[in-house]
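A.B. asks: Just passing along the structure, written as structure tokens.
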Amino acid sequence: MNAPDSSSTPLEVHDLTVAYHKKPVLYGIDLQVPEGSLIGIIGPNGAGKSTFIKAVMGLLPVSSGWVKIFGKSYRENCHRVGYMPQRESVDWDFPVSVMDVVLMGRYGRLRLAQRPTKQDREIARNCLEKVKMLPFANRQIGNLSGGQQQRVFLARALAQESDLYLMDEPFVGVDAATEAAIIALLRELKSRGKTLLVVHHDLASAKEYFDKLILLNMRLVAFGDTDEVFTPEILQTTYGGRLTILSEVAQTLSTTP
Amino acid sequence: MRRLLLPLLLFGCVFLVPEVAHAVRISELTDSTMMDRAVRFFTFRDASLRNALIGSMLLGICCGLMGTFLVVRKLALMGDALSHAVLPGVALGFLWNMAKDPLAIFIGATIAGLLGAGTIQLIRNTTRHKEDAALGFVLASFFGVGICLFTMIQNVPGGNKSGLDKFMFGQAASLGRGDVWLLAVIAVLAVGTVAIFYKEYTITSFDAGFARSLGMPVQIFHYSLMLLLAFAIVSSLQAVGVVLVSAMLVIPAAAAFMLTDRLGIMLLLAAIFGLCSGAVGAFFSFVGRNLPTGPFMVLAAAAVFAIALFFGPRHGIVSRWWRQRSRSARVQRENTLKAIYHVLEGNEFRSEHVSLRELAERRRETLEDVQRQLTAVRRTGFVTLFSDAVTFTPSGWQRACEIVRNHRLWELYLTNAAHIAADHVHEDAEKIEHILGEDAVRQLEKRLNYARRDPHGKLIPGIEDISLGSIPQPADRATGFGPAPH
Amino acid sequence: MQQLIPPFDWHRIFVQPWTTDFSITIWVVLMGFFVTAACGLVGNYLLLRRMALIGDAISHSILPGLVLAFMIFKHNSTWVMFLGAFSAGLLTVAIIEFIHRQSRIKPDAAICIAFTVLFALGVALMSSLESQGTIHIDAECVLYGEIAFIPLEPPTVWNGMEIGPPSAVRMGIVLVVVALAIAVFYKELLVTAFDGGLAKSLGMRTSVWHYALMGALAIVVVSAFEAVGAILAVAMLIVPPMFAAQLSSILPVRLGLTVLHAGLSAVLGLHLSVWLNCSGAGAMVVAAAFLFVLAWLGTMAGSIRNRSLAVDRCSRDENLPQVRSL
């Protein structure tokens, strides 16, 4: 195979199928993400947007298909991937400070049992500065507003210093000013050659934020430049109606022994 | 520093165990009064007593550390289920050579605990039952098997006096040297593992998904924690008892959780609380003539928890109630200041003095009420009180101006920016005026182009008026203060 | 080992109990059945509400209630003990809610704290009373009850007729009351367990039903306490409904299966305890757990599983029985 070519592709997904409790959520996703782009993942509720990025990282068992990150398996290249989970995925009463959480972004680069170094702290501080959260560094994370919590997560993803970022709904519970600040940050990352995949729920802003879109509804409806795929017909296919027959047949399949 | 403290503490305890033992068996002690027994306790004369005390303290440390992770991972009931599930293992360990061999019991109980954890996992994966049912099933059925084995052992000759009943509610006095060494090893293991892998245990507990995305072996850390938990439970059994180990796991950690926002400090506090409750439990158990130790340890831990729950400086119930009270007292004071300002404004700032009668009319309250409120305000140094009148001090004038400014700015902001009708904004501003910070005020002023008048046409005090320090003199009228020009 | 497990003697284990020892056996089995069935019926609703461990909590925490009631009133009449245990049960629920609402402690830790502290208080009181010689409450009784002694109680006499041991009679009455209450309030209990929001929109007072269930729980646990002790009562609350839920997704069928399971485990448990010469209550729990494991393996094997999944597909929540009878 042409190795140099595939190793510059940040994300390559081939025929990915994911099932939750034997109920299929994603079907045969097949795509290749080019380097240095800001990509939105959109689709209706339950379309498998979060499932998609979790499956890419191997957080969910995959029924079939494979994923390659810069030409290698996820495990081999996990240090090149930054992840920003949904805000609800953690317990915000957990006894850690904002600084501790951002430092966690550096843990992937530390050896087992190794402590974060001065340099790691410096990087974490810079990332906090970028999202304008440095004054809150010593606060317990539960004492922050929703928007601030998102910014802490964003800072943690930045601290990972990765080449490919996967972000799950970074704009939920965020005020307009923070949203603008986040999108500016994402664009800056893109201009530095990073690749970003962002799960997004708001159609109206999707067109303006992203240069490419992945439209999902259990299967890949479309993937391409925003101007090409943001058309009424494709949106209609994505959002119009569930694929009832597909899901029902699949269920019968999975329940027959 | 903090990381060093625990191991030091621990080794100190272990080296206290003396080589020579001129012991009397505790059951043979003949001291009659409680006082005698208390004195005996504190002189550490008997090796068995030392064993009991050191063992109890070590188990407190182990349980506190492991319990912290149970509490932050919301696995408290897992601890409960596992601690009941080890019972059949204890019985089987005893059957190994029909003696209370610490190692055999330890191995048997650990296996039973891990089997219980595995069963919980299996039920959750292969049935539709939820976590709570799985936990309850393992807890109850393993315990049932254990009870059957125990009653069977009692029928066997020699099984009756085995002292196995001590495993139910705990008896620190029955700890032997072997038991204490076992506890010491487990404590060192727990402290060491947590200290070395602090970073890994924190991140896998806080955000397992993220940890996995970093390529960390989350499952390994989870199971190693469960193994350590099983060790902690099993080694504590004899002193606390099967039924109450879970309390020693959860309660010190929960008390620590009420007191701090940092995991490291929480671990340290939980270990200290565990250690203290262990010692107190051992003391009461000894003084009260070999009462079961477990309940007294748990009650000591519960006392610590109750104190933390009510009087914890930041999250405690009383502290929060107190803060709320002082906040509402401040709001009340500021409202009084505002009322004085309004009266002054109504008089077009002709006099510094506001008579109490005017104030009472303005606030629609009795003279006594107003007097009482003013006395409260005077304590903060905002007003000077005369027999029938009141004036602002410079700081009082400043604060009153600020409150009025905040109120009017907010009203203006709501009508201009949020397009709320001018007669609907007052209520909201009444609340906001007390909490608006200086930064927010600067932003509002900028946003409103430094407007001077609120939606009702009243003057908004500006920075110059506030820095004036007293009500405007006639000469200041030029700045726009005082009666509105018609 | 031979001493531990007596030889398997068919006649001693299966024939003798029902012939020579019939008068004892029948009451042990009946008591076991009453306890398991009453606890299991209430337990079904606990399981539906995902509150199985509240059952655990309450069954532990009634102990200080019993001891305190005895200390205050100085005699162990049924009603006094009952009152003490009942209020201890409600106190537990109140403490759990207080800790959970008023602080940052999560509900699981709150449950664990509330019941272990109350239980510790109970044991501490009990053992200090015992060491002073004031009363003698057997610690073993707290742990696993004394079901074998129940037939030895002087029988209750009613209208000159000997009915049976008072504990068993009382437990029988509790079972009948619980069964009747479930029959009468079937739809309210179902709706509040299934969908609290719906129940509220229908104008039901969900908190009343919540506390009613807690009250029923306290009643069955208190009456079961004597026979099976505090901890094994948890098994009676959780295992029969789990067995039933494993086999059916329809609530009335589940209730029936619970009762069937109760009868089976009582009889099996009796024979097990005769054979191994061990605690009767412990043996009944082992039998109950064994039956659940059988059902579990059976469903895993496949045949029933397919059917129940097919039924699931049309129900709203796969963990709840269908709301068919509404």
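A.B. asks: Would it be correct to say that residue B:316 is within 14 Å of chain A (Cβ to nearest Cβ) and either aliphatic (A, V, I, L, M) or without any contact (Cβ under 8 Å) to a residue 60 or more places away in the chain (or both)?
C.D. replies: no
A.B. asks: So, residue C:273, is that one more than 22 Å from residue C:150 (Cα to Cα) and among the hydroxyl-bearing types (Ser, Thr, Tyr) or not?
C.D. replies: No: the conditions fail for residue C:273.
A.B. asks: Within the stretch C:230-250, track down each residue that is of a type in the set (Val, Ile, Thr) and at pLDDT 90 or above.
C.D. replies: C:238, C:239
A.B. asks: For the condition small (Gly, Ala, Ser), over 30 Å from residue A:69 (Cα atoms) and surrounded by fewer than 23 Cβ atoms within 10 Å (Cβ to Cβ), what is the one hit in B:215, B:209, B:288, B:281?
C.D. replies: Result of the check over B:215, B:209, B:288, B:281: B:288.
A.B. asks: Also: Given the residues B:106, B:169, which is the only one that is at the interface with chain C (Cβ under 9 Å from one of its Cβ atoms) and closer than 19 Å to residue B:239 by Cβ?
C.D. replies: So the residue among B:106, B:169 that is at the interface with chain C (Cβ under 9 Å from one of its Cβ atoms) and closer than 19 Å to residue B:239 by Cβ is B:169.
A.B. asks: Which residues, taken from the stretch A:30-80, are in contact with a Gly (Cβ under 6 Å, 6 or more places away or on another chain), within 14 Å of chain B (Cβ to nearest Cβ) and either buried (at least 18 other Cβ atoms within 10 Å of the Cβ) or of a type in the set (Gly, Ala, Ser) (or both)?
C.D. replies: Listed by number, the residues that qualify are A:59, A:74, A:78.
A.B. asks: Taking the stretch A:204-233, which residues are part of a helix (DSSP H, G or I) and at pLDDT 85 or above?
C.D. replies: A:205, A:206, A:207, A:208, A:209, A:226, A:227, A:228, A:229
A.B. asks: Which of the residues belonging to the stretch A:93-121 are charged (D, E, K, R) and within 23 Å of residue A:78 (Cβ to Cβ)?
C.D. replies: A:100, A:106, A:109, A:111, A:115, A:120, A:121
A.B. asks: In the stretch B:231-253, which residues are modelled with pLDDT under 95 and of a type in the set (Gly, Ala, Ser)?
C.D. replies: Matches in the stretch B:231-253: B:232, B:235, B:236, B:239, B:241, B:246, B:247.
A.B. asks: Oh, and also: State whether one or more residues within the stretch A:152-161 are in a helix (DSSP H, G or I) and of a type outside the set (A, V, I, L, M, F, W, C).
C.D. replies: yes
A.B. asks: Next question, about the same structure. If you take the residues of the stretch B:172-205 that are facing chain A (nearest Cβ under 8 Å) and free of Cβ contacts under 8 Å to residues at least 12 places away in the same chain, which of them is nearest to residue A:100 (Cα to Cα)?
C.D. replies: Taking the candidates together, the pick is B:199.
A.B. asks: Another question about this same structure. Here are C:97, C:130: which of them is within 16 Å of residue C:142 (Cα to Cα), free of Cβ contacts under 8 Å to residues at least 40 places away in the same chain, surrounded by fewer than 24 Cβ atoms within 10 Å (Cβ to Cβ) and not aromatic (Phe, Trp, Tyr)?
C.D. replies: The match here is C:130.
A.B. asks: Also, I was wondering about something else. Please determine, by comparing only the residues of the stretch A:112-140 that are within 10 Å of chain B (Cβ to nearest Cβ) and within 21 Å of residue B:221 (Cβ to Cβ), which one is surrounded by the most Cβ atoms within 10 Å (Cβ to Cβ).
C.D. replies: My answer is A:116.
A.B. asks: While we're on this one: Starting from residues that are free of Cβ contacts under 8 Å to residues at least 60 places away in the same chain and β-branched (Val, Ile, Thr), keep the ones in the stretch B:258-311 and report whichever is nearest to the other protein chains (Cβ to nearest Cβ).
C.D. replies: Step by step, filter the stretch B:258-311, then rank; the result is B:298.
A.B. asks: Under the condition of being out of contact with any strand residue (DSSP E or B) (no Cβ under 8 Å at 6 or more places or on another chain), surrounded by fewer than 21 Cβ atoms within 10 Å (Cβ to Cβ) and not in a helix (DSSP H, G or I), which residue from the stretch A:95-111 is farthest from the other protein chains (Cβ to nearest Cβ)?
C.D. replies: My answer is A:111.
A.B. asks: Being within 9 Å of chain B (Cβ to nearest Cβ) and either touching a residue at least 24 places away in the same chain (Cβ under 8 Å) or part of a loop (DSSP other than H, G, I, E, B) (or both) narrows it down to one residue among C:70, C:86, C:82, C:119; which is it?
C.D. replies: C:119
A.B. asks: Would you call residue C:92 more than 13 Å from chain B (Cβ to nearest Cβ), among the polar types (S, T, N, Q) and surrounded by fewer than 19 Cβ atoms within 10 Å (Cβ to Cβ)?
C.D. replies: Judged against the criteria, residue C:92 is not a match.
A.B. asks: Can you name the condition, by its number, that residue B:439 falls short on among (1) modelled with pLDDT under 80; (2) farther than 18 Å from residue B:398 by Cα?
C.D. replies: (2)
A.B. asks: Look at the stretch C:155-201 and say how many of its residues are surrounded by 13 or more Cβ atoms within 10 Å (Cβ to Cβ), more than 26 Å from residue C:225 (Cβ to Cβ) and free of Cβ contacts under 8 Å to residues at least 60 places away in the same chain.
C.D. replies: Here the count works out to 7.
A.B. asks: To continue, here is another question. Tally up the residues in the stretch A:132-189 that are more than 17 Å from the chain's Cα centre (by Cα) and hydroxyl-bearing (Ser, Thr, Tyr), please.
C.D. replies: Final tally of qualifying residues: 2.
A.B. asks: Which of the following residues is in contact (Cβ under 8 Å) with a residue 24 or more places away in the chain, under 18 Å from residue B:222 (Cβ atoms) and away from chain C (no Cβ under 14 Å): B:82, B:70, B:65?
C.D. replies: On inspection, the qualifying residue turns out to be B:65.
A.B. asks: Could you pull out every one of the helices (runs of 4 or more DSSP H) wholly within the stretch B:291-397 that has 2 or more residues that are assigned by TED's automatic domain parsing to the domain that holds residue B:433 and surrounded by fewer than 14 Cβ atoms within 10 Å (Cβ to Cβ)?
C.D. replies: The qualifying helices (runs of 4 or more DSSP H) are B:317-346, B:356-363, B:367-379.
A.B. asks: Pairs only if they're at least six apart or on different chains, beta carbon under 7 angstrom, first in the stretch C:277-295 and facing chain B (nearest Cβ under 7 Å), second outside any helix (DSSP H, G or I) and surrounded by fewer than 24 Cβ atoms within 10 Å (Cβ to Cβ); list them, first residue then second.
C.D. replies: Close Cβ pairs satisfying both conditions: C:277/C:6.
The values are calculated or read from the model by the stated rules, or taken from the named source; none is laboratory data. Because the structure is a prediction, the values reported are computed rather than measured. Neighbour counts run over all protein chains shown; Cβ positions are idealised from the backbone, glycine included.
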